[in-house]
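What follows is a set of notes on a single structure, which appears directly below.
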Amino acid sequence: MKILVTGGAGFIGSAVVRHIVRDTDWSVANVDKLTYAGNLESLAEARTSNRHRHFKVDICDRAALDAVFQEVRPDAVLHLAAESHVDRSIDGAAPFIETNIAGTYALLEATLAHWRTLDEAARMRFRFQHISTDEVFGSLGATGRFTETTPYQPNSPYSASKAASDHLVRAWHHTYGLPTLATNCSNNYGPYHFPEKLIPLVILRALGGESLPVYGKGENVRDWLHVEDHAEALTLVLRKGRPGETYNVGGDSERRNIDVVRAICTLLDEMLPGSPNRPHEKLIKFVTDRPGHDARYAIDATKIKAELGWQPRHSFDSGLRDTVRWFLDNRPWWERVMSGAYRGERLGLSG
């Protein structure tokens, strides 16, 4: 099977590409314009395979997309390309509107045009799979979890742009018959994570003896999903999911942000007994909360487990330990990432 993956040089996208090349016999065409968060070094093992190709293309560029479709003739599309950081969307929403909404529209149109050229059997087999986030559902109280029927209530420019793209995908299925699938996931973590997100940011700042900023009192709760478990779930949905359906993917690992930060500090104390920064917890600094910070997210993954048989392989404790160890063992990767425009500074202070 020939798969076109958008955003395949990003954090989740690169995990998907690595999984496809390592664990399937599919070929993968990776469409990624290589923004600050796109990194071909995250695809080192895939780039040595003759089943992986990279196209430096912006998904907003319809003509370039058409050319890729004509060359690759994919059997399925996995759409992961997106601007994804809430704090950056607060500082400037325009790239999120352009990529997440206009880019998804351009990709849907290019996919539809390609799909209409296929014979009937190929059209029946074809899939367009859209990868979204639990943030489109808004904020939970102390109890309950998001299901596939939870009403949308996005609270940030980022989540609003993803909600809009979700609705576009649904509309292209119901209006034009395009065989679409959608997934909404909880917070991902794991190897190759760009260091603007909580877990890698805390690890790298702690290694440098810098303060570890925690928003508010650190009581915001997130459900954590290992990126490799997510990659496996996405390819399972692609193979077995029912067109027109949405599947929630979560790790059943709710944690307060402060507890995640403290767990990282404890692991670093253990793994770096000679560090002058021990105990690393002394580096924690509570800072002004970001605007509109959702209190709690939690995914109910019953549907994908019951219908498709998916289960996460990583517990949060073992996954976090492996992630901290990966960053300790892969200093050249993150040093090259940090040598670019992003330096670990605070974002999302606008408003």
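The values are calculated or read from the model by the stated rules, or taken from the named source; none is laboratory data. None of these values were measured; they are calculated from a predicted model. Neighbour counts are summed over all protein chains in view; Cβ atoms, including those assigned to glycine, are modelled from backbone coordinates with ideal geometry.
Condition check: buried (at least 22 other Cβ atoms within 10 Å of the Cβ) and under 20 Å from the mean Cα position of the chain (by Cα). Does residue 78 satisfy that? Quick ask: steps written out before the conclusion?
Working: buried (at least 22 other Cβ atoms within 10 Å of the Cβ): yes; under 20 Å from the mean Cα position of the chain (by Cα): yes.
For residue 78, the condition - buried (at least 22 other Cβ atoms within 10 Å of the Cβ) and under 20 Å from the mean Cα position of the chain (by Cα) - is met.
Quick one: residue 181 ticks every box in (1) of a type in the set (A, V, I, L, M, F, W, C); (2) surrounded by fewer than 21 Cβ atoms within 10 Å (Cβ to Cβ); (3) under 24 Å from residue 2 (Cα atoms) bar one, so which box is it?
(2)
Here is a yes/no grid of residues against (1) outside any helix (DSSP H, G or I); (2) without any contact (Cβ under 8 Å) to a residue 40 or more places away in the chain:
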{"position": "13", "(1), (2)": "no, no"}
{"position": "16", "(1), (2)": "no, no"}
{"position": "19", "(1), (2)": "no, no"}
{"position": "28", "(1), (2)": "yes, yes"}
{"position": "44", "(1), (2)": "no, yes"}
{"position": "49", "(1), (2)": "yes, yes"}
{"position": "53", "(1), (2)": "yes, yes"}
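If a residue counts only when it is over 21 Å from the mean Cα position of the chain (by Cα) and modelled with pLDDT of 95 or more, which helices (runs of 4 or more DSSP H) contained entirely in region 235-351 have at least 2 such residues?
Values: elements: 257-271, 302-308, 316-329, 331-338.
Those helices (runs of 4 or more DSSP H) span 257-271, 302-308, 316-329.
Quick one: which residue in 118, 107 is surrounded by 22 or more Cβ atoms within 10 Å (Cβ to Cβ), closer than 27 Å to residue 50 by Cα and either hydrophobic (A, V, I, L, M, F, W, C) or at pLDDT below 95 (or both)? Give the steps one after another, and end with the answer.
Details: 118 fails: surrounded by 22 or more Cβ atoms within 10 Å (Cβ to Cβ).
On inspection, the qualifying residue turns out to be 107.
Before we move on, is residue 182 in contact (Cβ under 8 Å) with a residue 12 or more places away in the chain and under 18 Å from residue 323 (Cβ atoms)? Lay out the reasoning, then the answer.
Values: in contact (Cβ under 8 Å) with a residue 12 or more places away in the chain: yes; under 18 Å from residue 323 (Cβ atoms): no.
No; evaluated as a whole, the condition is false for this residue.
Quick test for you: out of 69, 96, 11, pick the one residue that is of a type in the set (Phe, Trp, Tyr) and either within 20 Å of residue 229 (Cα to Cα) or surrounded by fewer than 18 Cβ atoms within 10 Å (Cβ to Cβ) (or both).
Working: 69 fails: either within 20 Å of residue 229 (Cα to Cα) or surrounded by fewer than 18 Cβ atoms within 10 Å (Cβ to Cβ) (or both); 96 fails: either within 20 Å of residue 229 (Cα to Cα) or surrounded by fewer than 18 Cβ atoms within 10 Å (Cβ to Cβ) (or both).
From the options 69, 96, 11, the qualifying one is 11.
Could you please give the count of residues in region 73-94 that are within 11 Å of residue 37 (Cβ to Cβ) and either of a type outside the set (Asp, Glu) or in a helix (DSSP H, G or I) (or both)? Walk me through it before giving the result.
Initially, region 73-94 is screened for residues within 11 Å of residue 37 (Cβ to Cβ), giving 81-85, 88.
Now drop any that are not either of a type outside the set (Asp, Glu) or in a helix (DSSP H, G or I) (or both), which leaves 81-82, 84-85, 88.
Of the residues in region 73-94, 5 are within 11 Å of residue 37 (Cβ to Cβ) and either of a type outside the set (Asp, Glu) or in a helix (DSSP H, G or I) (or both).
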